[in-house]
Structures are given as structure tokens and as C-alpha cells.
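Novice: There's a structure below that I have some questions on.
A short reminder: the numbers here are calculations on the coordinates, not readings from a lab. Since we're looking at a predicted model, the values are computed, not measured. Note that we place each Cβ from the backbone using ideal geometry, even for glycine, and neighbour counts take in every protein chain shown.
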Number of protein chains: 2
Amino acid sequence: MPPVEPPEPPPATASKPRLSREVVLSAALALVDAEGLDALTMRRLGQELGRDPMGLYRYTANRAAVLDGVSELVLNELAIFPEDPDWQAQLRRIAHDLRELALRHPNVVPLLVTRPLSTPLGLRPLGTLRPLEQILALLIDAGFAPADALHVYRAYYGYLYGHILNELQEFIVDPEENEALLRLGLHRLPAKDFPRLRALAPVLADYDGRGELDEGITILLSGLAERLSPRA
Amino acid sequence: MPPVEPPEPPPATASKPRLSREVVLSAALALVDAEGLDALTMRRLGQELGRDPMGLYRYTANRAAVLDGVSELVLNELAIFPEDPDWQAQLRRIAHDLRELALRHPNVVPLLVTRPLSTPLGLRPLGTLRPLEQILALLIDAGFAPADALHVYRAYYGYLYGHILNELQEFIVDPEENEALLRLGLHRLPAKDFPRLRALAPVLADYDGRGELDEGITILLSGLAERLSPRA
DNA sequence: AAGATCTGTCTACGACGTAGACAATACGCG
DNA sequence: CGCGTATTGTCTACGTCGTAGACAGATCTT
């Protein structure tokens, strides 16, 4: 009989390089990106790190805090340069960056959108408030009165989030089956009740998200600049 | 010794008027409105109806289907008149109606926003596709080419959803404590990192959601009408 | 080296979604 | 009216979840 194996059967991937909040959160993000929000359970996350699930509680208060941390982590990927004097160009670039960020982490988007709904502004993870603060800085530095800056921000961010949600809703993961699945799905709709939607199948199939966002931003920025201008 | 009580100790509220999909779903909606999404568990819903939780599965496939049903129920409250020749007025009214609907059912909003993200267009509950179809009808009847109608729809609905999310994020339930809580929350923010946000506390406190939505819609509609016009 | 603090592990509990077997009821048809 | 069939309601049970609390090992301070 062979001697008892030392308890080293764990998932092969990585031994134990000391835990930390950052390690936990980025494992969480990786898991969400790879398998979706539902896969992010404390037990699974522990397993992914080769650790006892309870150990995670040394670094995060509870599961909700992990979700907040993931939101924060993702939003930190967004760069904003509040000193840029060309506020319109800056807002346009941020919009495209955020859109791409969302496409890169589609499973995180529900988090970004949903969690603030249940947390009053002042109690949110600071990382998620940074974009707000920086965009306000951008606008105020560009000459907007603070209250106007807030209005511009709201219209801008509102449209931006709306667009991203819209685009992601029509987004289907597997680009191969994209068209097939789409048509298949649409075909299921009763022809009598949804004639226009069904007729639009081909157009739906090629959605130029980037282009539509850009157009929308153009409309919005020029409209906003018309009624609220810097240094007025 | 008194005779054995017939098994009639249940929660006083309503006896047993036969179950149905509609009854189940509206109980679910009531529960969500009253206590939030997390309170909507199969067991709790069964209890609310004075029934065994497993009975619900005769009317809905699983919990996810209940959530879909609730979305559908809420969206059915939205009236759209696709024959209205004044498409801009119609879109504006729908926007305000949807906003009020969202304020009436704030706990359902995450559902409206989130569920389509994980369901391809063609597989969604039909009730949630009705607004899309009807708005397309409205625009096409007004003279837009179908593909243009889709673009208008996307920009419009995107902005609309974005606005609603934005407004709800700043919305705090208890109107009494509203300002206090808000300031309290903001006060927690490090003054060095969030100067503008903190300075805007008073402006944040009175958010005219209706007014901002209306302005945004105006900007968007006029911008859209400029580059895509009906009967072009 | 000794004590204190920090990190990791284990066990256990209550709540959840839901499969599957059964009982009660309602309904169609003679 | 009664009987067989289909529908509706109930119960038990399983596996998974989040996480409280007790404890053990590791690391740091002096």
C-alpha cells in the first residue's frame, strides 16, 4: 500500500500565492466573464482559487460586496481625462470606450446597471462614482456652470447607457450562428402580430453599434450645446 | 376535547379561489412591488397565495418564467396607438408614460432591463416585444422607410431607457429623509476626490425627472427628424 | 522565544429551486 | 346519475446556496 498522499489533489491551476482583495476580485471578474453572473458563487469562487470558500469572507463582506467589487474593477478600466479642453471630443471618446468595455465584459453590464438602483448615491463603491466626478470636472473646467454640467452629464450618460443596453440586447454571442439564430427566433413570432419586426430581420442582423452610437452622440451633443453652452 | 379542527389555519388573507397563470403572476408583481425582487421566491409566492409552492409549477415552468411574466404584465400597462399620425407627439407621450410606469414599479425595472440581455430577441415573451412592433408600426405608418424606423426606434428607446435608469438611480424611496440621506451619503465621500459631486448636493436633491426627459426627447426627436425624415 | 494578530479551514444551519410520487378534485359522457 | 379520465393540489426529498461560529495554523512584533 502506498503512503497516504499529502493533500495536494487540487485543481492543478496554481498553488497558493496568498489571498488578497485584488486577487479575489479579479478571479471573480474572470469567472463572470467566462461563465456569467450565475456562476459566481462563493463556493465556486473559492474553488477557482483553490481555497476554502469561507476564506473569501476575510476580504469581502459578502457576495453582494463581491459584485460591487467586480463593477468597480471594470469601471476602473475606463480612462477619463478631465483636463481635455475639447469636452465634446472627450465625451465622444469616452462613449466609444465605454461601449467597447461593455462588449468586452457583457456579463458585467447587468451589474453596472442594476446595482446602483439599490444603493443610494453616497453609499456606492467609490470606483463607480469616479466617472461621474471626472466628467463633471471635465464639463465645469470647460466652462459650464456646475448645475448645467450635471444636466449635460445626465443626458449624456443616460443616452450612453441606453445605447449600450440596446446594443447588447440584440447582441448574440456566437457570431457564426448569429443570423441563423436571429431568424430562427424571429420566425417563431406569430406573423399576424409582428409583421414589421419579422420583415426587419435582415436589417436587425447587421447592427452597426459603433456607428449608431456615434450618430446619437452627435445629435445629443449638438442639441445640448445649443441650449446650454460653456462660459455663457 | 373539541373535534379536530379542519385544516383551515392559513394566513387569513383569502381562501382558495382556484389558481391560474394570471393570479400567480399578479401576486408575483404585487410581491415584487411591495418587497423587491429578492422577496419573490417560489416558496414565498406560494405562501402569499395560501398554496403549496409546488403548485405554481403547474402554471409557470420555473422561477425565470415568473420573472418574465412579471415583465410582461408591467409592459402591458403601456398603451401605444400606432395609428396616431403625429409620431413625435406619440413618442413623447409614450416616453412619459413609460417613465411613470417605471416610477410606479421601480423594483421591476431591473427585470425589464436585464432579462432581454440574456434572451435572444425572438425568444422573449411576446408581451415585451409588443412595444417594439407597435412603435415600428407608428413610424412606418408615418412614412419612414422600415430601416429608418428601426434607427429612430433604437435611438429613442435607448435614450428613454437610459433616462429612466438614471433617474431611478438617484431616486431615494423615503421622500422625508430624501435630502438628509442624500447629503449624508455624499458627506461620506472623501472631499479631496469628489469635490464637484459634493458641491452639487443641493442640485442633485431636486431632480426634475419629467422635465429632463422631455428636454432630452425634444433634442433627440428634432435631431433625428433632421437627418431622417418621413416620406423622404 | 513568547505573545498577539492575521489567515485559512471545517462543520453546520436555514433557505432556496425543483424533481417525482401521490391524492384530491373537476369534468366529459354514458 | 355515476364512472373513468384529465386536471389541479400536496408532500417528501435532494442538491446547492450564503454565511455564522469555532478552531488551527501561520506570520509578525518585540
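Novice: Among B:Leu78, B:Thr119, B:Leu129, whose Cα lies farthest out toward the positive end of the dipole of chain B, if unit charges sit on the beta carbon of Lys, Arg (+1) and Asp, Glu (-1)?
Specialist: Projecting each Cα onto the dipole axis, the largest value belongs to B:Thr119.
Novice: What do you get for the angle between helix A:21-35 and the principal long axis of chain A? Use alpha-carbon atoms, 0 to 90 degrees, nearest ten.
Specialist: Helix A:21-35 sits at roughly 80 degrees to that axis.
Novice: Please give the calculated 222 nm ellipticity per residue for chain A, where each DSSP H segment of at least 4 residues contributes -39500 (n - 2.57) and the sum is spread over every residue; nearest 500 deg cm²/dmol?
Specialist: Estimated from H runs of four or more residues: -19000 deg cm²/dmol.
Novice: Roughly how many debye, to the nearest 20, is the charge dipole of the protein assembly as shown about its Cα centre, given +1 on each Lys and Arg Cβ, -1 on each Asp and Glu Cβ, and no other charges?
Specialist: Its charge dipole is roughly 840 debye.
Novice: Same structure again: How large is the charge dipole for the stretch B:79-227, taken about the Cα centre, if only the Cβ atoms of Lys, Arg (+1) and Asp, Glu (-1) carry charge, to the nearest 20 debye?
Specialist: 620 debye
Novice: Treat the count of other C-beta atoms within 10 Å as a stand-in for reagent exposure and order B:Arg18, B:Arg93, A:Arg154 from fewest to most.
Specialist: Sorted ascending by nearby Cβ count, the order is B:Arg18, B:Arg93, A:Arg154.
Novice: Which whole-Hz couplings ³J(HN,Hα) result when phi for each residue of the stretch A:37-54 is put into the Karplus expression 6.51 cos²θ - 1.76 cosθ + 1.60, θ = phi - 60°, listed in order with x for Gly and Pro?
Specialist: 3J(HN,Hα) across the stretch A:37-54, in whole Hz: 4, 5, 6, 7, 10, 4, 5, 5, 5, x, 4, 4, 9, x, 10, 5, x, 5.
Novice: Helix B:126-141 versus the longest principal axis of chain B: what angle, 0 to 90°, nearest 10, using Cα atoms?
Specialist: Relative to chain B, helix B:126-141 is tipped by roughly 20 degrees.
Novice: A follow-up question, please. To make sure I understand, if each residue's beta carbon is the centre and we count other beta carbons within 10 Å, what order do B:Tyr159, B:Tyr59 fall in, fewest to most?
Specialist: B:Tyr59, B:Tyr159
Novice: Based on the Cβ-Cβ distance from A:Arg21 to A:Met54, what FRET efficiency comes out when R0 is 22 Å, to the nearest 0.05?
Specialist: Between A:Arg21 and A:Met54 the formula returns 0.90.
Novice: Once the label point is set 7 Å along the Cα-to-beta-carbon vector, what list of distances in nm do you get between A:Pro17 and its counterparts in the other copies?
Specialist: In nanometres, ordered from closest: 6.3.
Novice: If you don't mind, there's one more thing I want to ask. Work out the charge dipole of the stretch A:21-60 with +1 on the Cβ of Lys and Arg and -1 on the Cβ of Asp and Glu about the Cα centre, then indicate which of A:Ala39, A:Tyr59, A:Ala27 is farthest towards its positive end.
Specialist: A:Tyr59
Novice: Taking the alpha-carbon centroid of each part, what is the distance from the stretch A:95-160 to the stretch B:37-86 in angstrom?
Specialist: For the stretch A:95-160 versus the stretch B:37-86, the Cα centre distance is 31 Å.
Novice: Something else about it: I'm checking a number: the convex hull volume of the Cα atoms of the protein assembly as shown, normalised per residue, in Å³. What is it?
Specialist: Given the Cα convex hull of the protein assembly as shown, per-residue volume reads 229 Å³.
Novice: Along Cα→Cβ, 7 Å out, is where each label goes; now give me the distance between the ones at B:Ser222 and A:Arg188 in nm to one decimal.
Specialist: 4.3 nm
Novice: Shifting gears a bit: Determine the shielding of peptide A:163-170 by partner chains: average, over its residues, the number of Cβ atoms on other chains within 10 angstrom of each Cβ.
Specialist: Per residue, the number of nearby Cβ atoms from other chains is 6 on average.
Novice: Looking at the square roots a ≥ b ≥ c of the eigenvalues of the Cα gyration tensor of chain B, which shape do they give, rounded for a/c under 1.5, prolate if a/b is larger than b/c, or oblate?
Specialist: oblate
Novice: Separate question: Pairing the Cα long axis of helix A:146-170 with the longest principal axis of chain A, what angle in degrees results, from 0 to 90 and rounded to the nearest 10?
Specialist: 60 degrees
Novice: Residues with beta-carbon under 14 Å from that of B:Tyr159, excluding B:Tyr159: net charge, scoring Lys, Arg +1 and Asp, Glu -1?
Specialist: -3
Novice: Let me ask something else. Please work out which residue of chain A brings its Cβ closest to the axis of the rotation superposing A onto B, and round that distance to whole Å.
Specialist: Result for the axis mapping A onto B: A:Gly162, 1.
Novice: Per the Debye formula with a single identical scatterer at each Cα and no solvent contribution, what log10 I(q)/I(0) holds for the stretch A:21-60 at q = 0.25 Å⁻¹?
Specialist: For the stretch A:21-60 at q = 0.25 Å⁻¹, log10 I(q)/I(0) is -0.76.
Novice: Please list A:205-211, A:103-109 highest first by mean number of surrounding beta-carbon atoms within 10 Å per residue.
Specialist: Highest mean packing first, the order is A:103-109, A:205-211.
Novice: Once the label point is placed 7 Å from Cα along Cβ, list for B:Gln47 the distances to the corresponding points in the other copies, in nm, shortest first.
Specialist: Label-point separations across copies, in nm and ascending: 3.0.
Novice: Shifting gears a bit: Considering only the label points, 7 Å along Cα→Cβ from Cα, what distances in nm to one decimal separate B:Asp33 from the same position in each other copy, shortest first?
Specialist: Result, one decimal in nm: 4.2.
Novice: Could you point to the residue in A:Ala149, A:Leu186, A:Leu200 farthest towards the positive end of the protein assembly as shown's charge dipole, with +1 and -1 charges on the Cβ of Lys/Arg and Asp/Glu respectively?
Specialist: A:Leu186
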